[in-house]
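Scroll down for the structure; my scribbles are underneath it.
The values are calculated or read from the model by the stated rules, or taken from the named source; none is laboratory data. The shown structure was predicted, so the numbers you read here are calculated from the model rather than taken from an experiment. Cβ placement follows ideal geometry from the backbone for every residue including glycine, while neighbour counts extend to all protein chains displayed. Just the protein is used for accessible areas: all its heavy atoms, side chains included, with ligands, DNA and RNA removed. Shrake-Rupley method; radii C 1.70, N 1.55, O 1.52, S 1.80 Å.
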Amino acid sequence: MRDASIFNVQGFSIHDGPGIRTTIFLKGCPLECFWCQNPESQRSRAEPFFQEDRCTGCGDCVAACGSLAISMRSGRAIIDREKCAGAGDCVDACIPGALHLVGSTTTAARIFDEVAKDRLFYDGSGGGVTIGGGEPLYQPAFTIDLLRRCREAGIHTALDTCGYANWRVVSHVVAQADLVLYDFKHMDSDAHRAGTGVPNELILRNARRIHHELGIPMLARVPIIPGFNDTGANLRATASFIANELAPSTPVHLNAYHRLGEFKRERLARPAPDGLPAPPGEASMRAIADLFLSYGLPTFIGG
């Protein structure tokens, strides 16, 4: 099956690999990071965003919903998300624009035709196409198909991944990419499980194998989540792993936690996790960058 569930195609992206890029965001992820800034990416199926302040209580969405997932309470729409089939009829019926469907099904051929239109910008900037998510390894057939189409057309490709998949999937997908953007969230497996829902042994093993067996260039991405992975011990362990288990020439991008995901959770009717941190300050980010630089790693804040 080479159809894929996606939730965004972002043109003129400058933070997902070198140059000007188009980033395709796939839906569905095996991790559930408590700080996730794209919570709409976690589930594979299409789902509605609901902006309650725009709801006028007209009830047109109730009549339009074929799965009987919407009811009215105190003059506002209530969505039973377990019943919701993601058909989007409610969105079409909502004149005030309180409902928006996140997610659609498409093919690699359609996406390639869209991204190829910006070939001039890729060529002029050293950019290309990035496939992220969600998790692109979660939809391997689509990802391989799109990567191959781009490669045959001479368009640079990057794969943005958490690395949590069996090696057979990882090796088949990654082999088609020109660059891997690889996430390192926590070096302690128990802490990683507590924060993301899965342990990290498979992720670290796959990182080593991508570097040593496939030889695909890798860019390490480290989200900085205060109170979760910003301790000196964990940061040193992360820097040591990248420098010694991979290579000291591996670029590292440090990405500060921000609160973009919070309003998205509200629109998805998902309760915010307890104890969400404040974003790290500039001084903290500079100090963390200095630590990674001390290991000889080319280190950048953001990107």
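Placing a pseudo-label 7 Å from each Cα along the Cα-to-Cβ vector at residue 205 and residue 171 gives an inter-label distance of 1.3 nm. Take 140-153, 51-64, 18-31 and order them by the average number of nearby Cβ atoms within 10 Å per residue, most first; the result is 18-31, 140-153, 51-64.
Size of the stretch 48-98 from its Cα atoms: along the principal axes, largest to smallest, the extents are 23, 20, 18 Å. With a Förster radius of 35 Å applied to the beta-carbon distance between residue 113 and residue 258, the computed FRET efficiency rounds to 0.60.
Order 12, 50, most accessible first, counting only protein heavy atoms with a 1.4 angstrom probe.
12, 50
Restrict the search to the stretch 173-264; then list the trypsin sites (Lys or Arg not before Pro) that DSSP places in a loop and that have at most 16 other Cβ atoms within 10 Å of their Cβ.
Answer in residue order: 259.
For residue 133, the residues whose modelled amide H falls within less than 5 Å of its own, excluding neighbours fewer than 5 places apart on the same chain, are 26.
Whole-Hz Karplus values for the stretch 64-79 come out as 7, 6, x, 9, 6, 9, 10, 9, 10, 9, 6, x, 9, 6, 10, 9 Hz, taken residue by residue from phi with 6.51 cos²θ - 1.76 cosθ + 1.60 and θ = phi - 60°; glycine and proline positions read x. Ligands, DNA and RNA aside, residue 70 has an accessible area near 20 Å² when probed at 1.4 Å. The length gained by stretching the chain between residue 291 and residue 95 to full extension, at 0.36 nm per residue less their Cα-Cα distance, is 65.3 nm. Within the assembled protein chains, the solvent-accessible surface assigned to residue 81 is about 40 Å², based on a 1.4 Å probe.
Taking every DSSP beta bridge with both residues inside the chain, roughly what % is antiparallel (nearest 5)?
40 percent
In this view, the solvent-accessible surface of residue 156, computed with a 1.4 Å probe and all protein chains in place, comes to about 60 Å². Residues whose amide H lies under 5 Å from that of residue 224, counting only those 5 or more places away or on a different chain, are 255, 256, 257; hydrogens are built 1.01 Å from N in the peptide plane. For the chain, the direction-averaged projected area of the alpha-carbon convex hull comes to 16.4 nm². Computed extension length for residue 15-residue 272: 89.9 nm, one decimal, from 0.36 nm per residue of separation with the Cα-Cα distance subtracted. Each Lys and Arg adds +1 at its Cβ and each Asp and Glu adds -1 at its Cβ; summed about the Cα centre, the chain shows a dipole of about 240 debye. The length gained on full extension between residue 121 and residue 78, counted as 0.36 nm times the residue separation minus their Cα-Cα distance, comes to 11.1 nm. If a/c stays under 1.5 just call it rounded; otherwise compare a/b with b/c (prolate if a/b is bigger, oblate if not). Do that for the stretch 93-230, with a ≥ b ≥ c from the square roots of the Cα gyration tensor eigenvalues. It is oblate, given that a/c is not under 1.5 and a/b is not larger than b/c. Positive-end ranking of 220, 175, 88 along the dipole of the stretch 80-223, with charges on Cβ about the Cα centre, is headed by 175.
Charge dipole (Cα centre; +1 on Lys/Arg Cβ, -1 on Asp/Glu Cβ; no other charges) of the stretch 43-189 amounts to roughly 200 debye.
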